[in-house]
Structures are given as structure tokens and as C-alpha cells.
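One structure is given here, and the rest of the page talks about it.
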Amino acid sequence: MANAESTAHVRPKITGRAMSVFGVTFSFLAMLVSGGILYLAPKGKVSNTIDWQVLGLDRQGWDDIHIVVATLFVSFSAWHIALHLRTFKTMIMGNRMCPQGHRLEAVIGLAVVLALVLLTVFGLPPASWLLDLNEFFKHEFWVR
């Protein structure tokens, strides 16, 4: 009984893998919230004129949070990739259990990202729809 009680109170050590996973997750959530607020926010001049605020922060405050948290997200993501480089390699190159790896999924993921970047650069839907909606909030919705 004494052994069971003593092991139950032992605190596990902090691991880099767990920190990277939670860091990516929580910084992503914070970036999602700040990005969502900024997506709906009026442009800077209108924001200042109407004294726009959400949760006590003005547009500049949300911009600052978004930039800092995005930098943190990129840092945690790079750390996560570095820690799991072997797993990424195995997923692409394959192993005994899955000799073909997950190349198709990697190609699909890359294709989706590249397609959205190109659609944005050339101003084509659906990327242009998202940008148009953002412009509506910045220039028309808040001006009324």
C-alpha cells in the first residue's frame, strides 16, 4: 500500500514532445481567436473613430496579440517538426507496416495549400470571396 501511495504522488517530468504539442495547440487557438476578431474588425481609421473594442482591446491591441501569437505558433510548429522529423520521414517514405507511406496525403495537403495561395495571388474564388467578405466588414459594415 505504501508503494502505491508513493508512486501516485510522483510528478512526471516535463517533456519536450508534450510541450510542443500543447504549445502548437494553444497558440493555434489563440491565433484563431485573434484572427477571427481581426477578420471582422473595421479598418484602422474607422476603428479609431468609433472607438471599436472587443474584450477591452482595440484593433492595435488585437493586431499585436495576433503577431506575437503567430510568431509563437511558428516557433512551436518548427520545434514540433524537428522533434517528429523521423515520423514525417516514415510517413512519406513508408515502413514495413505501410510500404507506400502516406505520399498521396502529403501531395494532397501540399496541393491544397499551393492552390489556395495561387487562387489568392490571382484573386480567384473561393479565396477572393473570403477577401471580399473581409473588405465588406472593414469598409462597409462598420461605416453604417
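Residues 129, 142, 62, arranged from fewest to most other Cβ atoms within 10 angstrom of their Cβ, appear as 129, 142, 62. Summarising the label geometry, the points placed 7 Å from Cα in the beta-carbon direction at residue 119 and residue 96 lie 4.3 nm from one another. Label-to-label distance, residue 19 versus residue 67, with points set 7 angstrom from Cα along the beta-carbon direction: 2.6 nm. Anisotropy class assigned to the chain is oblate, per the alpha carbon gyration tensor with a/c at or over the 1.5 cut-off and a/b no larger than b/c.
Between residue 9 and residue 129, the simple label model (points 7 Å from Cα in the Cβ direction) yields a spacing of 6.0 nm.
Each value in this text was obtained by applying a stated rule to the coordinates, not by laboratory testing. Computed from a predicted model, the values in this text were never measured in an experiment. When we count neighbours, we look across all protein chains shown, and the Cβ atoms used for this are built from the backbone with ideal geometry, even at glycine.
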